1. Can you compute the charge dipole magnitude of region 1-144 about its Cα centre, using +1 on each Lys and Arg Cβ and -1 on each Asp and Glu Cβ, nothing else charged? Give it in debye, rounded to the nearest 20.
2. If you average the alpha carbon positions of region 185-224 and of region 24-73, how far apart do those two centres end up, in angstrom?
3. Sequence gap at least 6, Cα distance under 8 Å: using those rules, report the relative contact order of region 105-269 to the nearest whole percent.
4. Taking H as built 1.01 Å from N, whose amide H comes closer than 5 Å to the amide H of LYS4, not counting residues under 5 places away?
5. Nearest 10 degrees, 0 to 90: what angle lies between the long axis of helix 14-32 and the longest principal axis of the chain (Cα atoms)?
6. What part of the accessible area of region 229-289, given as a whole %, is carbon or sulfur when the probe is 1.4 angstrom?
7. Taking the Cα centre of the chain as the origin and placing charges on Cβ (Lys, Arg +1; Asp, Glu -1), which of GLY273, ILE299, GLY12 is farthest toward the positive end of the dipole?
8. Given C-alpha coordinates of the chain, what is the ratio Rg to Rh with the Kirkwood estimate of Rh?
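The values are calculated or read from the model by the stated rules, or taken from the named source; none is laboratory data. Small disclaimer: the values here were computed from a predicted structure and weren't measured. Note: ideal-geometry Cβ built from the backbone for every residue, glycine included; neighbour counts use all protein chains shown. Calculation scope for accessible area: heavy atoms of the full protein, side chains included, ligands and nucleic acids excluded. Shrake-Rupley method; radii C 1.70, N 1.55, O 1.52, S 1.80 Å.
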Amino acid sequence: MSKKILVLPGDGIGPEITAQAVKVLEVLKRECELDVTLEEGHVGGAAIDAEGTPLSDETLARAQAADAVLLGAVGGPRWDDLPMEERPEKGLLRLRAGLGLFANLRPALLYPQLASASTLRPEVVAGLDLMIVRELTGGIYFGEPRGVRTLENGERQGYNTLVYSESEIRRIGRVAFETARRRGKRLCSVDKANVLECTRLWREVMDELAGDYPDVELTHMYVDNAAMQLVRAPKQFDVIVTTNMFGDILSDEAAMLTGSIGMLPSAALNERGQGMYEPIHGSAPDIAGQDKANPLATILSVAMMLRHSLGEPELAEKIEQAVSDVLDEGLRTADIHTEGTRLVGTEEMGDAVVAAFIRRLWNTEDVKDPGHCRHAGLSNEID
Ligand code: NAD
Ligand code: IPM
Ligand code: MN
C-alpha cells in the first residue's frame, strides 16, 4: 500500500528548502518506484495566514494519518507579537504532542569536506559523529502550570514548570540506550542533577536502565560542562541523551561543529514508528526568499525518513552519499562557503544533489539491490 508523506513547508526559508527535499522524493518515486504519495499542508505562520491558526485540527488529523511528515521551519518576525498560544511555534509543538513524537534524534556528523567550514579547528572536529537523543514532548516545554501572573504588589511574574514522570524518562532512555547499542556503545546522559530535583530523578532512572544494557557504558554530565565539552573535545561523545530544553540548546551548538546549522537533520519518532522529519534550524528570516539557504539538512532529513519510517536504509545511504559527492564537487551554499569552493544558491545545491543521487542510483556496482531502481532508459542517459 502506498505510504503517505505530508509535506509542511512552513515559513521563511521553509518553502525553499523543502522544495529541494521534495525533488529528491520525486526521484525516489520516479526512478525507484518508491510507493509514496505526497500531500501538502500549512503549519506555523503560513497556517495562521491561510487558516487562522498555527495548526488546524484538519492538518493535525492528516499528519496523524500519514506515515511520515516532512517539515521545513516555522516562525518569523511577522508573527512575533502574537500571544504565546497563537504563535507559529505552537503549531510545531502541537504536531509533536499530537503525534506523540517523544524521541528526537539529532545526528551531528561532520562531512570531512567541511572540516575547515567549522568555526572550530579542523583537528577538533575531524571525524565527529555524535547523536543527540532529545526528549521532545515533555519537560519545561509542556509543563504546567505556566504563564505570567500579576502578584499582589502589582509586579508581573513569569513561570514555567520542569516536570518529567519516570515513564517519560524511561522511554526516552530506552531509545537512547538502543541507539548507543547500535553505535559506539557509549551513552552520556546530560542533566542538572546538582540543582534540579527533576533531573536528579532523570539521572536515577538512567542508572536503573543501565542494568538492562550491560554492553553500553553510561556516564552522566552536568549540562553546563556538556556545553563546554562539546566545543573543547566533541569527539569524546557517542550518544547524548537529554531533556527537551537542554537538547534544543546543545543541538544548535553541535550543529556548528559540523560547519553550519544548515547541515543538521532530525527525526522525531513516536512509539508506532511514525516520524516527523525536519532540519533542526529555524526559518532564518534574515535570508528567506534569497536563494541563500542551505537545503542539505532538509535533504538529509529525507534520508532519515527513509531509514526510520519507510524501511529503505540503502536508499537513505545513497542520499547521504549524494550529499558527500556534491561537497566533493566543491559546491557550497553561503553558510559553508570557504576559499577555493564554489558558492551556489539553494536551488542549484538541490539540483546538484538530485543529479548526484541519480548517478549513485544508477552506478550498478553501488546498487546492492537493483530491484530498487527499475526505471528503464535512464541508465543510457547517464552513460
Ligand atoms: P534560525 O535557525 O532560523 O537562524 C539562526 C541563524 O542561522 C540565522 O543567521 C540564519 O540565517 C542561519 N540559518 C538557519 N538555517 C540556515 C540554513 N538552512 N542555511 C543557512 N543559514 C541558516 O534561528 P532564529 O533566528 O533564532 O529563529 C528564527 C525563527 O525560526 C524564529 O521564529 C524561531 O522561533 C523559529 N525556529 C523554528 C524552528 C523550527 O521550525 N524547527 C527551529 C528554530 C527556530
Ligand atoms: C527546534 C526549535 C523549536 C524547539 C521551536 C521552534 C519550538 O527551536 O526544533 O529546535 O524549541 O524545539
Ligand atoms: Mn531549536
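1. On the way: 14 positive and 22 negative charges, 83 e Å.
The dipole of region 1-144 has a size of about 400 debye.
2. Result: 36 Å between the Cα centres.
3. Details: 302 pairs, mean separation 59.8, N = 165.
That works out to 36 percent.
4. THR37, ASP67, ALA68
5. So the helix axis and the longest Cα principal axis differ by about 50 degrees.
6. Details: 1070 of 1880 Å².
Carbon and sulfur atoms account for 57 percent of the accessible area of region 229-289.
7. Value computed over the given set: GLY273.
8. Numbers: Rg = 21.0 Å, Rh = 21.6 Å.
Taking Rg over the Kirkwood Rh, I get 0.97.
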